[in-house]
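> Dumping the structure here so I can ask a few things about it.
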Amino acid sequence: MAFVAIRILPSQLVDQIAAGEVVERPAAVVKELVENALDAGATRIDLEIEAGGTRLVRVTDNGCGIARDELGLALSRHATSKIASLDDLESLRTLGFRGEALPSIASVARLKLTSRLPSESHGWSIACDGGEIGAERPAPHAGGTCVEVRDLFYNTPARRKFLRTERTEFAHLDTVIKNLALARSDVEFSLKHNDRRWLHLPVAVGREQQEGRIAQLCGDEFLEHARYFEREIEGLRLSGWLAAPTFSRPQADLQFTFVNGRFVRDKLLRHAVRQGYADVLFQSRQPAYVLFVSLDPKRVDVNAHPAKLEIRFRDSRLVHDFVFRTVEAVVASPVEASADAVPRLSVAGADVESRPGDSLGSGRQNTLGLDGAHAQYLPLYERLHSQASGSTARIEDRELPPLGFALAQLAGIYVLAQSADGLIIVDMHAAHERITYERMKGELEAHRVTAQPLLVPVTCKVSLAEAEAAEEFAADIERLGLSLVRRGPAEVHITAVPALLAGADVAALVRDVLGDLAGSGGARRLATAVNEVLATMACHGAVRANRKLALAEMDALLREMERTERIDQCNHGRPTWMRITIAELDALFLRGQ
């Protein structure tokens, strides 16, 4: 290789190299310009886009503006008003700070910057064509700043050919605007594409207006299934909207995380949220959420990525645990009474027929392990199921529990119940599976899992890998109330099972549990796989399809559901119950039309 002398690169080439980090596509230009507008204190930002941003990007704001003698500096590298020392860099409260965005954009496009201070009678503009900065000129301007970027990558054809179609580029740009608009509901946004109004978001003050903006950006359905929450501890604040697991998505397209008002794609936060949904998501489905994390700027490093989309927390373990525990608690909230304003239907004593064997003292209820779950509703049960009450006995809506009272069993699978606002349909196996699972987790956490010895040990044939897992994890398995002894190369004896699972198919239960452990390849200890094992055990202990239940058993199941965490989904993420309101039933039968 020939000898080449070391030399300093021309400033224009340096800017174009820097542009490779900052300006990937038109969406990146919009992100940088809108963030500058937000840092300038703008309360209104108007965007005009042509050809997906490749022909024109114009961002106009009503911020503080730029003085005439600073216009040229704004287009110079590493010139910024946002930091002055290392202390400023370590406690950033602005979105931008490097002073590279404008010069980098100007080096690969034709840029015009117009601005006016509130104290001046007119504005000033300056142009920069491919990095060549012109002189300031007076220009009419209403106030604030307008940045116009034309012909992106006109002087770098190699970069321009990597751009996608106009439709694709605008989709990326639209996503950036949505992210910024979700982060700053106190700012009005307007977006035009090819002279057509695409988006207009007025200022949203207060939770009701914020939810209106979220519905506009994320869809009404997301908001219908989302629950608002907020929690603060040790200088960390987490708030936002978490969608119900039943609204899960096949892809992560409705996952928005913001840290101190900055949209980020942080792996730590997403992993923490995913863990919070761990017990309730179906297979590989993705949760939907809009989350805001607030903390001292000194506890987060936003300078970890050129586009500032990735960050680093100084107390990453604390942040992860805080987000995980908060999301887990919100998702685990038990069933609440519906607050929807829907027509109400009173429950008459004649509507629920009393049958022989359906009394509250029915011995069949005990086999579900739900004794006492409905004690607080004994007076209502008596009025509902009493022959003496007749058709005149009525129950007020306010007296009804959230999931109402059982009416019947359908196809040996579903429990039908009448609530204050309509019909409740419960998958009895899925619901009982979740109840059993949560009970077993509670017992395990409290170190009081009750084991029931078997009078006659059960011999179970297993694979060699499963037998080895039984021997390796014997002590850990015993903590779950399951006692196994290996008696041969591929045989185990079962001497005790958890009391909650009494009556289950013991051999099938053990084979599934050992299959879970053997499937981990010995790479994980039982402590990390315990929830999967408990879910398997709970599935075996849940009431099976085609089992006939008495009304008292169904009602006890409903009451236990109402006080069980994460009851909306079973251990595999399937929904456990659904509601059909009276209004929806009226619509099906065209009543009132």
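> Considering only the stretch 43-92, state which residues are at pLDDT 90 or above, assigned to a loop (DSSP other than H, G, I, E, B) and under 26 Å from GLY143 (Cβ atoms).
THR43, ASN62, GLY63, CYS64, GLY65, ILE66, ALA67
> Among the residues of the stretch 430-451, is any part of a loop (DSSP other than H, G, I, E, B) and of a type in the set (Val, Ile, Thr)?
yes
The rows are residues; the columns are (1) touching a residue at least 24 places away in the same chain (Cβ under 8 Å); (2) buried (at least 19 other Cβ atoms within 10 Å of the Cβ).
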residue	(1), (2)
GLU230	no, no
ASN260	yes, yes
ASP266	yes, yes
GLN286	yes, no
VAL293	yes, yes
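> Shifting gears a bit: Surrounded by fewer than 22 Cβ atoms within 10 Å (Cβ to Cβ) and among the aliphatic types (A, V, I, L, M) - does that describe any residue in the stretch 433-444?
Looking for residues that are surrounded by fewer than 22 Cβ atoms within 10 Å (Cβ to Cβ) and among the aliphatic types (A, V, I, L, M), one finds at least one in the stretch 433-444, hence yes.
> For the stretch 101-114, does any single residue satisfy the condition of being assigned to a helix (DSSP H, G or I) and at pLDDT below 80?
Among the residues of the stretch 101-114, not one is assigned to a helix (DSSP H, G or I) and at pLDDT below 80, which makes the answer no.
> Related question: Can you pull out the residues in the stretch 151-166 that are touching a helix residue (DSSP H, G or I) at 6+ places or on another chain (Cβ under 8 Å) and under 17 Å from LEU47 (Cα atoms)?
Answer for the stretch 151-166, where residues must be touching a helix residue (DSSP H, G or I) at 6+ places or on another chain (Cβ under 8 Å) and under 17 Å from LEU47 (Cα atoms): LEU152, GLU166.
> Something else now. Against the definition (surrounded by fewer than 16 Cβ atoms within 10 Å (Cβ to Cβ) and either at pLDDT below 80 or not in a strand (DSSP E or B) (or both)), how does ALA507 come out, yes or no?
Details: surrounded by fewer than 16 Cβ atoms within 10 Å (Cβ to Cβ): yes; either at pLDDT below 80 or not in a strand (DSSP E or B) (or both): yes.
Yes, satisfied.
> Let me ask something else. Do you know which of the residues in the stretch 130-150 that are at pLDDT 95 or above and either assigned to a loop (DSSP other than H, G, I, E, B) or touching a helix residue (DSSP H, G or I) at 6+ places or on another chain (Cβ under 6 Å) (or both) is surrounded by the most Cβ atoms within 10 Å (Cβ to Cβ)?
Filtering the stretch 130-150 for residues that are at pLDDT 95 or above and either assigned to a loop (DSSP other than H, G, I, E, B) or touching a helix residue (DSSP H, G or I) at 6+ places or on another chain (Cβ under 6 Å) (or both), the one surrounded by the most Cβ atoms within 10 Å (Cβ to Cβ) comes out as VAL149.
> Among what's in the stretch 425-451 and is among the basic types (Lys, Arg) and within 15 Å of PRO498 (Cα to Cα), pick the residue that is modelled with the highest pLDDT.
ARG439
> Wholly within the stretch 516-593, which helices (runs of 4 or more DSSP H) include no fewer than the required count, namely at least 2 residues that are modelled with pLDDT under 85 and surrounded by fewer than 15 Cβ atoms within 10 Å (Cβ to Cβ)?
Helices (runs of 4 or more DSSP H) meeting the threshold: 526-541.
> Only one of these conditions is not met by ARG25: (1) at pLDDT 95 or above; (2) surrounded by fewer than 23 Cβ atoms within 10 Å (Cβ to Cβ); (3) under 29 Å from the mean Cα position of the chain (by Cα). Which number is it?
(1)
> Could we say that ALA499 is small (Gly, Ala, Ser), surrounded by fewer than 16 Cβ atoms within 10 Å (Cβ to Cβ), more than 33 Å from the chain's Cα centre (by Cα) and closer than 21 Å to ALA538 by Cα here? Steps first, please.
Values: small (Gly, Ala, Ser): yes; surrounded by fewer than 16 Cβ atoms within 10 Å (Cβ to Cβ): yes; more than 33 Å from the chain's Cα centre (by Cα): yes; closer than 21 Å to ALA538 by Cα: yes.
In short, yes.
> If you check LEU291, LEU295, LEU281, LEU318, which single one turns out to be at pLDDT 90 or above, of a type outside the set (S, T, N, Q) and within 21 Å of GLN251 (Cβ to Cβ)? Spell out the reasoning first.
Numbers: LEU295 fails: within 21 Å of GLN251 (Cβ to Cβ); LEU281 fails: at pLDDT 90 or above; LEU318 fails: within 21 Å of GLN251 (Cβ to Cβ).
Criteria check complete, one pass: LEU291.
> Can you find even one residue in the stretch 246-258 that is small (Gly, Ala, Ser) and touching a Lys or Arg at 6+ places or on another chain (Cβ under 6 Å)?
yes
> Let me ask something else about it. Within the stretch 452-480, can you find the residues that are in a helix (DSSP H, G or I), crowded, with 17+ Cβ neighbours inside 10 Å and in contact with a helix residue (DSSP H, G or I) (Cβ under 6 Å, 6 or more places away or on another chain)?
GLU466, ALA469, ALA470
> For the stretch 210-259, which residues satisfy the criterion of being under 25 Å from SER316 (Cα atoms) and acidic (Asp, Glu)?
Those that are under 25 Å from SER316 (Cα atoms) and acidic (Asp, Glu): GLU230, GLU232, GLU234, ASP253.
> When you scan the stretch 2-16, do you find a residue that is under 25 Å from GLU166 (Cα atoms), modelled with pLDDT under 95 and surrounded by 18 or more Cβ atoms within 10 Å (Cβ to Cβ), even just one?
Quick first cut of the stretch 2-16, residues under 25 Å from GLU166 (Cα atoms) only: 16.
Narrowing the set further to residues that are modelled with pLDDT under 95 leaves 16.
Narrowing further to those that are surrounded by 18 or more Cβ atoms within 10 Å (Cβ to Cβ): 16.
Yes; the residues of the stretch 2-16 include at least one that is under 25 Å from GLU166 (Cα atoms), modelled with pLDDT under 95 and surrounded by 18 or more Cβ atoms within 10 Å (Cβ to Cβ).
> Against the conditions (1) touching a helix residue (DSSP H, G or I) at 6+ places or on another chain (Cβ under 7 Å); (2) closer than 18 Å to LEU182 by Cβ, where does ILE233 fall short? Just the number, please.
Only one criterion in (1) touching a helix residue (DSSP H, G or I) at 6+ places or on another chain (Cβ under 7 Å); (2) closer than 18 Å to LEU182 by Cβ is unmet by ILE233, namely (2).
The values are calculated or read from the model by the stated rules, or taken from the named source; none is laboratory data. If you're wondering where the values come from, they're calculated on a predicted model, not measured in any experiment. All Cβ positions, even for glycine, are placed from backbone atoms using ideal geometry, and neighbour counts span all protein chains on display.
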